[in-house]
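Scroll down for the structure; my scribbles are underneath it.
The values are calculated or read from the model by the stated rules, or taken from the named source; none is laboratory data. No experiment lies behind these values; they were computed from the predicted model shown. Cβ sites come from the backbone with ideal geometry, for glycine too, and all protein chains shown count toward neighbours. Ligands, DNA and RNA are stripped out before the accessible areas are found, and what is left, the full protein with its side chains, is counted by its heavy atoms. Shrake-Rupley method; radii C 1.70, N 1.55, O 1.52, S 1.80 Å.
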Amino acid sequence: MRHIIDLCDLTEKEFSDLYKLTTNIIDRPEGYADACRGKVLGSLFYEPSTRTNFSFQTAMLRAGGTVFGFADPKSTSTAKGETLKDTIKMVSGYADVVVMRNPKEGAAKAASLYSNVPVVNAGDGWHAHPTQALLDAFSLRQVWGHDRNAFKGKNLLILGDCAHSRVCRSNVLLLTKLGVNVSLCAPRTLLPAGVDNWPVTVHTDSKKAVRDMDAVMCLRLQLERQQAGLLPDLREYSKRFCLTTAHMELARSGAHIMHPGPILRGLDVSDALADSSQSLILDQVSAGVSVRMAVLY
């Protein structure tokens with residue numbers, strides 16, 4: 001296993017191999033029950049997490065390994081002033097792999113320089129969330145087709161707070177590499193800096209943006225990362241950018257709905273759509289464990 005910090009160097013073949021391994025794990029879980037027997041995962045979550053934290057722990061336990069770590073840095077020596085460098089050096093002496101989430105962009109890369117074992121980036125600020133993008137791509141390939149050309153010519157819209165979303169960046173990087181035509185839609189103040197240089201189409205009108213889409217990925221409005229004076233009016237934002245049934249009537253027939261969570265219902269996506277047959281949100285949750293088992297394998 002190698003460090004997984006970003007997806008810049010991931011090839012289509014590597015994703016295809018990961019897809020095959022993940023489907024094997026789903027189809028024959030008993031064959032992987034001892035895949036990580038005797039291995040230890042160090043789980044370091046400096047930021048709140050439910051899905052990512054729980055799914056990595058579940059993945060390691062289902063593969064026969066064990067887990068230690070923290071979900072609150074205030075309970076560790078970090079609260080006493082210990083540096084990331086010293087924490088990683090210490091933890092990598094106990095663990096066989098380190099999974100880390102940190103609010104600072106580049107923290108995962110820094111950790112990989114100090115660690116004696118592989119580091120998996122579980123999210124570093126707004127920069128990257130590679131395993132989320134892997135499980136999102138896996139979920140899409142499950143419904144779009146199992147062959148390597150399943151992504152070619154498909155259209156996907158990422159709708160919402162793209163500026164502060166590591167999920168957005170990692171999905172754009174991976175999905176465009178796999179052949180998906182990716183579009184972004186957000187208020188201009190919530191589009192990433194330099195987005196004109198990204199391999200995407202940019203919209204600010206959500207109803208125009210959803211036309212001819214095969215899937216729409218909604219993003220949470222990340223209020224905690226926004227400057228107080230620049231916070232959007234939530235009522236106006238919901239009116240313009242919350243995905244509704246009216247939007248999906250403009251998308252392609254059978255278009256799917258995604259969300260990395262947590263869902264702000266009525267702000268990111270309507271209740272009706274989040275729980276509809278078009279929704280892949282629970283599929284993404286289920287895929288999270290299997291994909292992360294494959295990553296740890």
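For the range 66-152, what is the accessible area per residue in Å² when the probe is 1.4 Å?
44 Å²
Using Cα atoms only, what is the angle between the long axis of helix 166-177 and the major principal axis of the chain, expressed in degrees (0 to 90) to the nearest 10?
Result, in degrees: 80.
Nothing charged except the Cβ atoms of Lys and Arg (+1) and of Asp and Glu (-1): what's the magnitude of the dipole of the range 116-172 about its Cα centre? Round to the nearest 20 debye.
220 debye
Which pairs break 22 Å Cα to Cα here: Lys20/Lys177; Lys104/Lys177; Lys13/Lys154?
Lys104/Lys177
Compute the angle between helix 281-296 and the longest alpha-carbon principal axis of the chain, please, reported from 0 to 90 degrees and rounded to the nearest 10.
30 degrees
What's the longest uninterrupted piece of the chain once you rule out the GluC sites (Glu not before Pro) that are loop residues per DSSP with at most 16 other Cβ within 10 Å?
The longest uninterrupted stretch comes out as 106-248.
Could you tell me the extents of the range 49-116's C-alpha atoms along the three principal axes, largest first, rounded to whole Å?
Here the Cα extents, ordered largest to smallest, are 34, 25, 22 Å.
Counting each pair of different Cα atoms once, what's the Kirkwood radius of the chain in Å, rounded to one decimal?
19.6 Å
Could you give the dipole magnitude of the range 224-274 about its Cα centre, charging the beta-carbon of Lys and Arg +1 and that of Asp and Glu -1, in debye to the nearest 20?
Using Cβ point charges on Lys, Arg, Asp and Glu, the range 224-274 gives about 80 debye.
Starting at the first residue of the range 18-26, write each ³J(HN,Hα) from the Karplus equation 6.51 cos²θ - 1.76 cosθ + 1.60 with θ = phi - 60°, in whole Hz, x for Gly and Pro.
5, 4, 4, 5, 5, 5, 5, 4, 5
Non-local amide H neighbours of His256 (under 5 Å, H modeled in plane, Pro and chain starts lacking H): which ones?
HN-HN under 5 Å from His256: Ala215, Val216.
What part of the accessible area of the chain, given as a whole %, is carbon or sulfur when the probe is 1.4 angstrom?
50 percent
Got a sec to turn the phi values of the range 38-50 into Karplus ³J(HN,Hα) couplings, 6.51 cos²θ - 1.76 cosθ + 1.60 with θ = phi - 60°, whole Hz, x for Gly and Pro?
x, 9, 10, 9, x, 9, 10, 10, 7, 10, x, 7, 10
Determine the sum of side-chain charges near Asp96: Lys and Arg each +1, Asp and Glu each -1, restricted to other residues whose C-beta is under 14 angstrom from that of Asp96.
+3
Run lengths n ≥ 4 of DSSP H only: what is the helix-derived mean residue ellipticity at 222 nm for the chain, with -39500 (n - 2.57) per run over all residues, to the nearest 500?
-10500 deg cm²/dmol
Need one word for the range 1-41: rounded, prolate or oblate. Basis is the Cα gyration tensor (sqrt eigenvalues a ≥ b ≥ c); a/c below 1.5 gives rounded, then a/b vs b/c decides.
Oblate, since a/c reaches 1.5 and b/c is not below a/b.
What is the chain's relative contact order, in percent, from Cα pairs under 8 angstrom and six or more apart in sequence?
The normalised contact order for the chain reaches 19 percent.
At each listed q (0.13 Å⁻¹), what is the log10 of I(q)/I(0) that the Debye formula gives for the range 1-110 modelled as equal alpha-carbon point scatterers?
Taking Cα atoms of the range 1-110 as identical point scatterers yields -0.58.
Which aspartates and glutamates does Lys208 reach when only Cα atoms under 19 Å apart count, and residues fewer than 8 places away in its own chain are ignored?
Asp161, Asp196, Glu236, Glu249, Asp268
Expressed as an acute angle from 0 to 90° and rounded to the nearest 10, what is the orientation of the C-alpha long axis of helix 51-62 relative to the principal long axis of the chain?
Its long axis makes an angle of about 50 degrees.
In the range 141-297, with Lys and Arg counted as +1 and Asp and Glu as -1 at Cβ, which of these residues, Pro260, Gln222, Gly179, has the Cα nearest the positive end of the dipole, that is, farthest along it?
Working it through, the farthest residue towards the positive pole turns out to be Gly179.
Which value, in debye to the nearest 20, gives the size of the charge dipole of the chain about its Cα centre, when Lys and Arg are +1 and Asp and Glu are -1 at the Cβ?
With only Lys, Arg, Asp and Glu charged at Cβ, the dipole is about 200 debye.
May I have the pair-distance distribution P(r) for the range 89-130, computed from all Cα-Cα distances with 10 Å bins from 0 and rounded to whole percent?
In order of increasing distance, the bins hold 35, 53, 12 percent.
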